[in-house]
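First up is the structure itself, then whatever we jot down about it.
The values are calculated or read from the model by the stated rules, or taken from the named source; none is laboratory data. No experiment lies behind these values; they were computed from the predicted model shown. Note that we place each Cβ from the backbone using ideal geometry, even for glycine, and neighbour counts take in every protein chain shown. We work out accessible area using only protein heavy atoms, side chains counted, and drop any ligands, DNA or RNA first. Shrake-Rupley method; radii C 1.70, N 1.55, O 1.52, S 1.80 Å.
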Amino acid sequence: MLAGMIGAGVMVAVIVFFSYYKVDTVEVRGTSHYTDEEVKNMVLRGPMASNSVLAPLLYSTTNTEDIAYVDAFKVTQLNRNTICISVKEKKTVGCIRYLDSYIYFDRNGIFVEGSTERDEKIPFFDGIKVKKVIQNEKLPIKDETVMNTAVALSTIFAKNDKVPDHIEFEDDGQISLVYGDITVKLGKDEYLEDKMTRVLAILPMISGKKGILHAENV
């Protein structure tokens, strides 16, 4: 009888625990690549995900090798019925084409992620060629200034919503930006900030037109 009473008491305690700390709301923060529902499905995969005390202990993880763009997930309890999933994303600044994939790299030129699909929010650089790539290692580009230019342009694009369809690097160092039917000639890597300030002011005025916008001598 005593054992039965203890067992019943434990069962009641468990039921109260899971009822009192039942997750009703899940907030998602820190992602620009995935929807809230996609993140929830990636992280909260198990019966304890419905408990606001146990979920932070069991579902925070850095094991994200099979998930593009993500370094880690951290689950925290906001209150007894609300948890938050914070996403630490890999910071990609650009991508290049390699074989049948898009290779995404960070500001140090490190190969972060590969995908058969292109993320339109990430600048795509045409003309940066590599013979091989190794994940988490620097892209083997002979001319270091090319990567520096790519990172500088990506930083400029990050400040506005005018990411071009793609960026062309020619062998002689000339840079072109393609926005639909408009090609912007930036010339070489000189005064890029000044050139892009002028270009971004002009682009709305020539929307819908076709041709070349020369900004080499700004």
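Out of the residues in the range 44-66 meeting the condition of being open to solvent by less than 20 Å² (accessible area, probe 1.4 Å) and in contact (Cβ under 8 Å) with a residue 24 or more places away in the chain, tell me which one is farthest from the chain's Cα centre (by Cα). Among residues in the range 44-66 that are open to solvent by less than 20 Å² (accessible area, probe 1.4 Å) and in contact (Cβ under 8 Å) with a residue 24 or more places away in the chain, the one farthest from the chain's Cα centre (by Cα) is 51. Residue selection: residue 177 fails the criterion of being among the aliphatic types (A, V, I, L, M), open to solvent by 80 Å² or more (accessible area, probe 1.4 Å) and at pLDDT 85 or above.
For every residue, the table says whether it meets (1) part of a loop (DSSP other than H, G, I, E, B); (2) touching a helix residue (DSSP H, G or I) at 6+ places or on another chain (Cβ under 9 Å); (3) among the acidic types (Asp, Glu).
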| site | (1), (2), (3) |
| --- | --- |
| 26 | no, yes, no |
| 33 | yes, no, no |
| 42 | no, no, no |
| 45 | yes, yes, no |
| 49 | no, yes, no |
| 55 | no, yes, no |
| 63 | yes, no, no |
| 72 | no, no, no |
| 86 | no, no, no |
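Looking only at the range 83-100, how many residues end up being farther than 24 Å from residue 62 by Cβ and touching a Ser or Thr at 6+ places or on another chain (Cβ under 7 Å)? Counting residues in the range 83-100 that are farther than 24 Å from residue 62 by Cβ and touching a Ser or Thr at 6+ places or on another chain (Cβ under 7 Å) gives 2.
Taking the range 169-188 as the range and being assigned to a loop (DSSP other than H, G, I, E, B) and under 26 Å from the mean Cα position of the chain (by Cα) as the test, only 180 passes.
Tell me which residues, restricted to the range 74-83, are open to solvent by 20 Å² or more (accessible area, probe 1.4 Å) and part of a strand (DSSP E or B). Answer for the range 74-83, where residues must be open to solvent by 20 Å² or more (accessible area, probe 1.4 Å) and part of a strand (DSSP E or B): 74, 76, 77, 78, 79.
Among the residues making up the range 102-114, those that are in a strand (DSSP E or B) and open to solvent by 30 Å² or more (accessible area, probe 1.4 Å) are 102, 110, 114.
The residue that is most open to solvent (accessible area, probe 1.4 Å), counting only those in the range 116-145 that are modelled with pLDDT under 85 and not in a loop (DSSP other than H, G, I, E, B), is 138.
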